[in-house]
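We did not get these values from a lab; they are worked out from the coordinates using the rules stated. From a predicted model like this one, the values you see are computed outputs, not experimental measurements. Every residue, glycine as well, gets a Cβ built from its backbone with ideal geometry; the counts of neighbours run over all protein chains shown.
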Amino acid sequence: MIWRYFYDWTVVPVMWFGFRIYSLLNEKARRAWEGRRGQFRELERKISHLDPGKTRIWFHSSSLGEFEQAKPIIAEFKA
């Protein structure tokens, strides 16, 4: 349990700071940093019009290949 606190309060901030510095030097890292800025506010804006009384299922795909594999499953849920 103590290792989790060490990780959360030490490793994660150091990695965040390191990535932020690296993004100042590397174009690809900079685009990744800028693409993530405000992502939760944008998601909230996009789903704010949905009816809160309805059930939603979130499908996460980390790659296009995983998304292609999930398409039939998503189609079955919609049906």
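Scanning the stretch 4-15 for residues that are exposed (fewer than 10 other Cβ atoms within 10 Å of the Cβ) and either of a type in the set (Ser, Thr, Tyr) or under 17 Å from Ala32 (Cα atoms) (or both) returns a single hit, Tyr5.
Under the condition of being loosely packed, with under 10 Cβ neighbours inside 10 Å and within 20 Å of the chain's Cα centre (by Cα), the residues counted in the stretch 51-79 number 8.
Among residues of the stretch 60-79 that are free of Cβ contacts under 8 Å to residues at least 12 places away in the same chain, those with a Cβ under 6 angstrom from a residue that is assigned to a loop (DSSP other than H, G, I, E, B), sequence gap 6+ or separate chain, pair up as Phe67/Ser61; Ala70/Phe59; Ala70/Ser61.
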